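Below is one structure; the comments refer to it alone.
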Amino acid sequence: MKEIKWTADLSVGIELIDEQHKMLIKHLNDLSQSLESGQGPAKVGSTLNFLIDYTNFHFTEEETHMAGNDYPALDGHKKKHEEFKATLSNLEEDLEEEGATQSLADSIDTLLVKWLFDHITSVDVAFGKFLKDKGIEIPQE
């Protein structure tokens, strides 16, 4: 998998969320690098675990801001987050059962990267637009 680069089309226009998305991309790149360089399952596992923890943190932050600002698409957005968390959990199980395989690397490339890009550029951008249209700013924490 080639390195993911942050581009302007990934910006939702909310600094806090954009910074968290950049961090998610960094850790996806770290996970991909761990797999491609043939590092052992422990290194891949710790990187995947960090990605899972950070994803949970980020989703909680987003959902808190959505609820606090009466975002009408909150329920659908939460369902998409749950789908992603389930995918991460399945990849974690695959790592535990089979180790750091090429199949796992391919799954990360096709499932996680595609999902993240699709999610950011459609669902998260819509939330950013909602906030901007209402004149709401989320301060950087």
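Might you check whether a residue that is assigned to a helix (DSSP H, G or I), touching a helix residue (DSSP H, G or I) at 6+ places or on another chain (Cβ under 6 Å), over 25 Å from Lys5 (Cα atoms) and not charged (D, E, K, R) occurs anywhere in region 112-131?
For region 112-131, residues assigned to a helix (DSSP H, G or I), touching a helix residue (DSSP H, G or I) at 6+ places or on another chain (Cβ under 6 Å), over 25 Å from Lys5 (Cα atoms) and not charged (D, E, K, R): absent.
I'd like the full set of residues that are touching a residue at least 40 places away in the same chain (Cβ under 8 Å) and either more than 18 Å from Lys114 (Cβ to Cβ) or open to solvent by 40 Å² or more (accessible area, probe 1.4 Å) (or both), limited to region 79-100.
Residues satisfying the conditions are Lys80, Glu92, Leu95, Glu96, Gly99, Ala100.
Here is a list of conditions, (1) part of a helix (DSSP H, G or I); (2) touching an Asp or Glu at 6+ places or on another chain (Cβ under 6 Å); (3) surrounded by fewer than 12 Cβ atoms within 10 Å (Cβ to Cβ), and Gln140 meets all of them except one; can you say which number that is?
(1)
Quick one: which of Leu16, Leu48 is under 23 Å from Asp133 (Cα atoms) and either assigned to a helix (DSSP H, G or I) or within 12 Å of the chain's Cα centre (by Cα) (or both)?
Result: Leu16 is the single residue among Leu16, Leu48 that is under 23 Å from Asp133 (Cα atoms) and either assigned to a helix (DSSP H, G or I) or within 12 Å of the chain's Cα centre (by Cα) (or both).
Which one is surrounded by the fewest Cβ atoms within 10 Å (Cβ to Cβ) among residues in region 52-78 that are β-branched (Val, Ile, Thr) and in contact (Cβ under 8 Å) with a residue 12 or more places away in the chain?
So the residue we want is Ile52.
Of everything in region 24-51, what is closer than 24 Å to Gln140 by Cβ, open to solvent by 70 Å² or more (accessible area, probe 1.4 Å) and of a type outside the set (D, E, K, R)? Give them in sequence order.
Across region 24-51, the qualifying residue is only Phe50.
Can you find, within region 101-114, the residue that is nearest to Leu51 (Cα to Cα) among those that are of a type outside the set (Asp, Glu) and open to solvent by 50 Å² or more (accessible area, probe 1.4 Å)?
Leu111
Restricting attention to region 4-49, which residues are on the phi < 0 side of the Ramachandran plot and in contact with a Lys or Arg (Cβ under 7 Å, 6 or more places away or on another chain)?
Those that are on the phi < 0 side of the Ramachandran plot and in contact with a Lys or Arg (Cβ under 7 Å, 6 or more places away or on another chain): Trp6, Ser34.
The values are calculated or read from the model by the stated rules, or taken from the named source; none is laboratory data. This one's a predicted model, so the numbers in the text were calculated from it and none came from an experiment. Here Cβ is always computed from backbone atoms with ideal geometry, including for glycine, and neighbour counts include all displayed protein chains. The accessibility values were calculated without ligands, DNA or RNA, using every heavy atom of the protein model including side chains. Shrake-Rupley method; radii C 1.70, N 1.55, O 1.52, S 1.80 Å.
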